[in-house]
Amino acid sequence: MTPLERVLTTLGHKEPDRVPFFLLLTMHGAKELGMTIKEYFSDGKNVAEGQLRMRAKYGHDCLFPFFYAPIEVEAWGGEVIFNENGPPNSGAPIIQNPKQILNMNAPTIEGNDCLEKVLECIRILKEEAKDEVPIIGVVMSPFSLPVMQMGFEAYLKLIYEKPEVFEYLMKINEEFAVSWANKQIDAGATAITYFDPISSISMVPRELFLKTGFWVAKRTLARIKGPTGVHFASGRCLPIIDDVARLGTSIIGTSVLEDLAEVKSKCNRRLTVLGNLNGIEMCRWTKKEAKEAVKNAIDKAASGGGFILADNHGEIPFQVSEEILITIAKTVNKYGQYPIK
Amino acid sequence: MDNIKQVLIQFEEALLNLDKIGARSLLLANEDKNGSAEVINKIVVPALKHIGDAWQNGSLALSQIYMSGKICEQLVDELLPAASNQRRSQPKMAIAVLNDYHFLGKRIIYSQIRSAGFEVIDYGRKTVDELVEAVCRDEIEIIFISTLMYPSALDIEQVVEKLEKLANKVKVIVGGAPFNMDEKLWQQVGAYAMGVDGNEALGWIDKLMEGKNE
Ligand code: B12
């Protein structure tokens, strides 16, 4: 089976030849190319090359042209702060005062330098991967993006205290997310991960989610012209799985803070489960611990398909060693052959 | 306060409904009879503790602890102005975000510590050297460090090492998402302790104060 066939089979809740696994590596590509993280992300060609080399090395089932979350605020004119040994972060918020919001409009994707780099990367990957390896694009959810646009505290106040302004911000963020996702699909992305940790039950209560993040997701996902997955970036999701199943998405990214078997059973063939290796602990795992974690996840969730093994955040920390990544890959190849023994 | 249980339930309800006026009048009604410090210990602290526990077990969300913490902090500031002689005597404490740009975790812990009637200096964001310098300068006895990014969490080790070199006896208490995801990380970076939330931060203050009084 090609990686794409493997993934499609599991999405159809059938067992492929082996458990598909996504090593969601971003910054590690810089190591491959002997570059700093900043230099690596300055050109789409670097990221494409990094992704191809890493897939050649580890043999996982996807290519991941995700640069870093704050690239989306960069597209709105925001600042990105690079770090030598970790992911870039968003700088000073572009919205300093909620009053600015009603005068804002979403930026266009064309000609937006930082986003064009990502699209170039996707086009190269599509050339190389043909239709054999899924290319997983990423958008921040319109509901989660404001944390970087205005700061978390100011955003919480906006949600609770200024509902009309909040609605307007959702409207322009939805326009942005939809066109950004669709441009990635046009460039060759097979599917889009919708990162929405603020909708996680760790961040807002379900009642609030049902009034806010749920509808934002429902409207946005409906307008993305390709398959999607919803990812909570290791926030909890168990109590809202039924709601997520109504969003019209295919995949749910789940946290190590919840039991994988319980999540899988609650998804009940409506959603494929993506997860849930602990990326933070992975930084200090021994080979033995890595093996056990992979076997444990496979035992809990692989049976019957509907499962893709990955880390639980949607990005493996820079500190995780090549040795551990190879161990993960080997263990899936050994213990992940269907039927699972 | 004979109907304390009742008042607590009402107070918590007011917090979760973001009803600051209701919460305030409940405290004021009980303050007359019992004094501010007592009201804080018997109503504010337990209510926030209960809300924090509910976050831990997944039945309340972060936005709710944040909003209720902020309301309590404001109310406690009204009841107990910074210079009030009813404020608890306490170790000298400060809180900082290390090398990170994420302030909400610190904000929540800061609110909860202050809502319990303590004073704590807010250092904002600091680099390793800035933090070491400030802790020594201000003769801090407990330093709370919050980080959200894993590399910043690892940087705490440098803070601890530098403070040890200076023979500084400050207790370093850490928290933030990476520590919640890996329960061995606090030891790895050489911290004195970690906390998952404001309740645990308060627990450590109490413990360290007990030790001091013995
Ligand atoms: C929501 C979220 C997002 C949102 C908002 C993030 C933000 N605040 O800016 C968005 C989508 C923007 C996002 C983006 C990213 N994220 Co994010 N995100 C999360 C998530 C789900 C929650 C984080 C959060 O803000 N929580 C709210 C705060 C208040 O919680 P907290 O800090 O944990 O604080 C609580 C306790 O820990 C405690 N506490 C905090 N400090 C202290 C201190 C003391 C002394 C004590 C006692 C207690 C204490 O009290 C608080 C309340 O109880 C976490 C995963 C998780 N499960 O927690 C990942 C997480 C924080 N993200 C992570 C990463 C890497 C990123 C990105 C860098 C990804 C990328 N490559 O672009 C970006 C960059 C963000 C940016 N600002 O530039 C990683 C960080 C660790 C790492 N791998 O380095 C995490 C931990 C995911 C993971 N499992 O790896 N993210």
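The values are calculated or read from the model by the stated rules, or taken from the named source; none is laboratory data. Owing to the predicted nature of the structure, the values given are computational and were not obtained by experimental measurement. Cβ coordinates were reconstructed from backbone atoms using ideal geometry, including for glycine residues, and neighbour counts include every protein chain displayed. Just the protein is used for accessible areas: all its heavy atoms, side chains included, with ligands, DNA and RNA removed. Shrake-Rupley method; radii C 1.70, N 1.55, O 1.52, S 1.80 Å.
Does B:GLY69 satisfy the criteria of being open to solvent by 20 Å² or more (accessible area, probe 1.4 Å), within 13 Å of chain A (Cβ to nearest Cβ) and not hydroxyl-bearing (Ser, Thr, Tyr)? Criteria not met by B:GLY69. Here A:ARG236 meets the list (1) basic (Lys, Arg); (2) within 23 Å of A:THR220 (Cα to Cα); (3) touching a Lys or Arg at 6+ places or on another chain (Cβ under 9 Å); (4) within 14 Å of chain B (Cβ to nearest Cβ) almost entirely, failing just condition (3). Against the numbered list (1) touching a residue at least 40 places away in the same chain (Cβ under 8 Å); (2) more than 10 Å from the ligand (Cβ to nearest atom), B:LEU148 comes up short only at (2). Helices (runs of 4 or more DSSP H) fully within region A:99-170 that include at least 3 residues being within 14 Å of another protein chain (Cβ to nearest Cβ): A:146-150, A:152-161.
So for region A:301-318 (the condition being away from the ligand (no atom under 16 Å from the Cβ) and assigned to a helix (DSSP H, G or I)), does at least one residue qualify? Yes; the residues of region A:301-318 include at least one that is away from the ligand (no atom under 16 Å from the Cβ) and assigned to a helix (DSSP H, G or I).
Of all residues in region B:30-70, exactly one satisfies the criterion of being more than 16 Å from the ligand (Cβ to nearest atom) and without any contact (Cβ under 8 Å) to a residue 12 or more places away in the chain, namely B:ASP32. Taken residue by residue, region B:198-214 has no member that is within 14 Å of chain A (Cβ to nearest Cβ) and in contact (Cβ under 8 Å) with a residue 12 or more places away in the chain.
For region B:94-127, a residue qualifies if it is within 14 Å of another protein chain (Cβ to nearest Cβ) and away from the ligand (no atom under 12 Å from the Cβ), and the qualifying residues are B:ASP122, B:GLY124, B:ARG125, B:THR127.
Suppose we filter region A:229-244 for residues that are within 16 Å of the ligand (Cβ to nearest atom) and either farther than 13 Å from A:MET203 by Cβ or in a loop (DSSP other than H, G, I, E, B) (or both); how many remain? Total meeting the criteria: 11.
Within region B:37-52, does at least one residue satisfy the condition of being assigned to a loop (DSSP other than H, G, I, E, B) and surrounded by fewer than 20 Cβ atoms within 10 Å (Cβ to Cβ)?
Restricting attention to region B:37-52, the residues satisfying the condition of being assigned to a loop (DSSP other than H, G, I, E, B) are none.
No, there is no match, as no residue in region B:37-52 is assigned to a loop (DSSP other than H, G, I, E, B) and surrounded by fewer than 20 Cβ atoms within 10 Å (Cβ to Cβ).
A count restricted to region A:128-161 and to residues that are within 10 Å of the ligand (Cβ to nearest atom) and on the phi > 0 side of the Ramachandran plot stands at 1. Restricting attention to region A:147-165 and to residues that are in contact with a Ser or Thr (Cβ under 8 Å, 6 or more places away or on another chain) and open to solvent by 10 Å² or more (accessible area, probe 1.4 Å), the residue that is nearest to A:LYS117 (Cα to Cα) turns out to be A:MET148.
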